[in-house]
Each structure stands twice: as structure tokens, then as C-alpha cells.
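Structure first, commentary second.
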Amino acid sequence: MPLSFKRARFATSAFELSQLPPDQGREVAFAGRSNAGKSSAINCLVRQKNLCKTSKTPGRTQLINFFALDDERRLVDLPGYGFAKVSRRMRDHWDQVLTRFLLERQALQGLVVVVDIRRGISELDRALIDMTRDHLALHLLLTKSDKLSRAGVRRAIDVARKQLGDSAHTVSALSVTHRRGLEDLERICRDWLDFS
Ligand code: GDP
């Protein structure tokens, strides 16, 4: 049977680095502000409605969730950031855990940063992009593209490309509701996961 994103299954959750699964195989991680559309994008990619819980309470998902595609490949859902009601202590905890995960995880092949296309790159997104610049391949996913006209989507992609500068980072737009742009996201993830 050919490998497929549809086969994604919940594997494990981690609150601390000690709870991470063994650092082997290949992983692609998804990060973004709360409510950016990260869970919806992952569900769209794996063609499942509820693999990744979308929530009406931004910031509720405060675990690193691993979804296995097969024995060697995983998608990783990182906690959403930028939710004001998270305590200082919890913010510090996740700053530390995420920094180490993103900079030290050997299995991690690339990071998808999910951004609401109407909001563009925020300061927190920027901090994440800068932090990983020399360590990780990065794809900027502009979600909710159905909220803009086609010209608006093109403009937003251009602006984001300029903001990323001359890095090798890539940009694409996605509409989960119209299923537009899914093939671009899928191609990037397949490449990183060596998933043919
Ligand atoms: P997360 O907090 O980043 O995981 O965001 P969610 O995936 O829970 O999405 C936040 C809100 O945006 C939800 O109400 C989704 O239905 C909505 N949403 C996500 N993706 C899209 C999209 O492509 N188009 C539209 N119109 N709404 C979207």
C-alpha cells in the first residue's frame, strides 16, 4: 500500500522534553499563533476531521502532539502561542521546551509556520522564524485564503516573501474550506519526510 497522509494516527503527547518519543526517523512540525488555523491545516492534510482538535478556546492545546504516518515518520503539532491568558510561568516553560525541541531535535526536517493570511507575520512568528533561521527548513503557510480575493492572496504571498528576505524559506496559501493550496503543503511535507 502506498504511504499516505490519511494513515496519520495519534501517537503520543509531551509536556516536557523527557516525554518526547525517541529522536529517530523524520518529523515535520507545525507552529503558529492560537487560532491561526494550524489544527485545521493538519486535519486537511491528513483528510481527517478530528485528528487534531480544533478548539474554540485559543491556547487550550498546551502539549506537543505527535501523529505517526508510519514507523519512521511523524507530524508534530506544537502548542499555539500568543494567547494572552496563558500564565507567565507556562509561557516560560514553553519558550524553553520549544526552543530546545526546534534547535536540537535531530528527527525534525522542517517547520511549517501557520499564519492567518489577513494578519500576516506577527512579532511572535518573527521571533520563531529568526530563532530557527540557521537550523531548520521553514515553510510559511498563509491560511484562510478564502477570506481574500485572488489578487489579495497574491499580494499577501508577495509581502510574506519580502518579509522572509532572501532566505530559502518557501511560502504558500491554503484554504481549508475551499481545499485550495493543499497540494503545495503536501509537496513540501512529502519532500521533508522523504515520503514518496
Ligand atoms: P488553531 O488554534 O491554530 O489550531 O486554529 P483552528 O484550526 O482551530 O482554526 C481557528 C478558526 O479558524 C476556526 O474557527 C476554523 O474553522 C477557522 N479556519 C481555519 N482554517 C480556515 C480556512 O482555511 N478558512 C476559513 N474560512 N476558516 C478557517
(message) Under a Cβ-only charge scheme (Lys and Arg +1, Asp and Glu -1), can you give me the dipole magnitude of segment 137-187 about the Cα centre, in debye to the nearest 20?
(response) 240
(request) Report the net charge of residues surrounding Leu20, where surrounding means a beta-carbon distance below 13 angstrom and charges are Lys +1, Arg +1, Asp -1, Glu -1. (result) -1
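Cα convex hull of segment 1-48: how many Å³ per residue?
So the per-residue Cα hull volume is 109 Å³.
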(request) Using a/c under 1.5 as the rounded threshold, could you call segment 76-171 rounded, prolate or oblate? The axes a ≥ b ≥ c are square roots of the C-alpha gyration tensor eigenvalues, and prolate needs a/b larger than b/c, oblate otherwise. (result) oblate
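Filter the cross-link list Lys85/Lys144; Lys38/Lys85; Lys6/Lys162; Lys6/Lys49; Lys53/Lys85 down to pairs whose alpha-carbon distance in this structure exceeds 22 Å. If you can, show how the numbers build up before the last one.
Values: Lys85/Lys144 24 Å; Lys38/Lys85 19 Å; Lys6/Lys162 34 Å; Lys6/Lys49 11 Å; Lys53/Lys85 19 Å.
Among Lys85/Lys144; Lys38/Lys85; Lys6/Lys162; Lys6/Lys49; Lys53/Lys85, the Cα-Cα distance tops 22 Å for Lys85/Lys144; Lys6/Lys162.
Provide the FRET efficiency to the nearest 0.05 for the Arg179-Arg9 pair, computing r from the beta carbons and using R0 = 22 Å.
With R0 = 22 Å, the Cβ-Cβ based efficiency is 0.50.
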(request) Please compute the net charge surrounding Ile129, taking Lys and Arg as +1 and Asp and Glu as -1 over other residues with Cβ under 14 Å from its Cβ. (result) 0
(message) How would segment 150-196 be classified by its alpha-carbon gyration tensor: rounded, prolate or oblate, with rounded meaning a/c under 1.5 and the a/b versus b/c comparison settling the rest?
(response) oblate
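Taking R0 as 30 Å, what's the FRET efficiency between Arg91 and Ala168 from their Cβ-Cβ distance, rounded to 0.05?
On the way: r = 30 Å, r/R0 = 1.00.
Result of the calculation: an efficiency of 0.50.
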(request) Write down the accessible area per residue of the chain in Å², having rolled a 1.4 Å probe over the full set of protein chains. (result) 53
(request) Jot down the radius of gyration and Dmax of the chain, Cα atoms only, both in angstrom. (result) 15.6, 47
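The values are calculated or read from the model by the stated rules, or taken from the named source; none is laboratory data. All values reported here derive from a predicted model rather than from experimental measurement. Backbone-built Cβ (ideal geometry, glycine too); neighbour counts: all protein chains shown. Protein only, heavy atoms only, side chains kept; ligands, DNA and RNA dropped before computing areas. Shrake-Rupley method; radii C 1.70, N 1.55, O 1.52, S 1.80 Å.
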